[in-house]
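Below is one structure, written out as structure tokens; comments come after it.
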Amino acid sequence: PSFAEEVMARGNHSLRSHFQRAPRLSLKERIARWKGMTLLLVLTCVISFVMFIVWSVWPESIAWSALQPDSIVQGNAIWTLVTHLFVHGNPLHLVVNMMVLLSLGMLCERLIGKYRFVWLYLLAGVSAGALSVLAALLWGDGRGASVVGSPEEYMVGASGAIFALAGVLMVLLPRLRS
């Protein structure tokens, strides 16, 4: 039976109770509802950002965590295909990415499970990094550099992995309604 049929069968009083506002939860209660892996990824990104700022006194440290296409092609710093997911360029970049990660990540983790969620996040992030390297190498010289980045520039952020979460939700959520 549809929602409307269920309401009609129970009578009007259940309709009113269904639409009553849920009691407000305290911040502690809301945080307790957060999914574990999503929260772990957010905390890892925040800690990495703080460490990135601390290490910024040593300019060479950026090469250890940020993705640079030229370095990847030469076979150096391959690990940055993973580490660039946890480092962000400025506080606004971090805050926006983490807010979206919290909102999409908690729902996605609930739908597909924590292990699939982490694998999706990491594989999508690494794939997005590899695609960024390829795009920078193919079109990063000249005018294309303003769009895809130059092979010499560093790339950071979790946007590729977050867009993958959005894509998975776009596929899964309509299926849940039917």
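The values are calculated or read from the model by the stated rules, or taken from the named source; none is laboratory data. All of these numbers come straight from a predicted model, not from anything done at the bench. Cβ sites come from the backbone with ideal geometry, for glycine too, and all protein chains shown count toward neighbours. When the accessible area is computed, the model is the full protein with side chains, heavy atoms only, and any ligands, DNA or RNA have been set aside. Shrake-Rupley method; radii C 1.70, N 1.55, O 1.52, S 1.80 Å.
Mean shadow of the range 74-178, computed from the convex hull of its alpha carbons, in nm²?
Taking a quarter of the hull surface, the average projection is 7.8 nm².
Please give the peptides 167-176, 124-133 ranked by average Cβ packing (other Cβ atoms within 10 Å per residue), highest first, as a rough proxy for protection.
Ranked by mean Cβ neighbours within 10 Å, highest first: 124-133, 167-176.
With every protein chain present, what accessible area does Glu153 have (1.4 Å probe, heavy atoms only), rounded to the nearest 10 Å²?
Approximately 90 Å² of Glu153 is accessible to the 1.4 Å probe.
Based on Cβ point charges of +1 for Lys and Arg and -1 for Asp and Glu, what charge dipole magnitude is obtained for the range 34-178 about its Cα centre, in debye rounded to the nearest 20?
Dipole magnitude for the range 34-178 comes out near 860 debye.
Return one quarter of the surface area of the convex hull spanned by the alpha-carbon atoms of the range 16-155, equal to its mean projected area, in nm².
Taking a quarter of the hull surface, the average projection is 11.5 nm².
Expressed as a whole percentage, what fraction of the accessible surface of the range 60-178 belongs to carbon and sulfur atoms when a 1.4 Å probe is rolled over the protein heavy atoms?
Of all accessible area on the range 60-178, carbon and sulfur atoms account for 67 percent.
For the range 24-178, what is the accessible area per residue in Å², given a 1.4 Å probe and the full set of protein chains?
61
Compare the peptides 69-76, 95-102 by average per-residue count of other Cβ atoms within 10 angstrom and give them in order, highest first.
Top of the packing list down: 95-102, 69-76.
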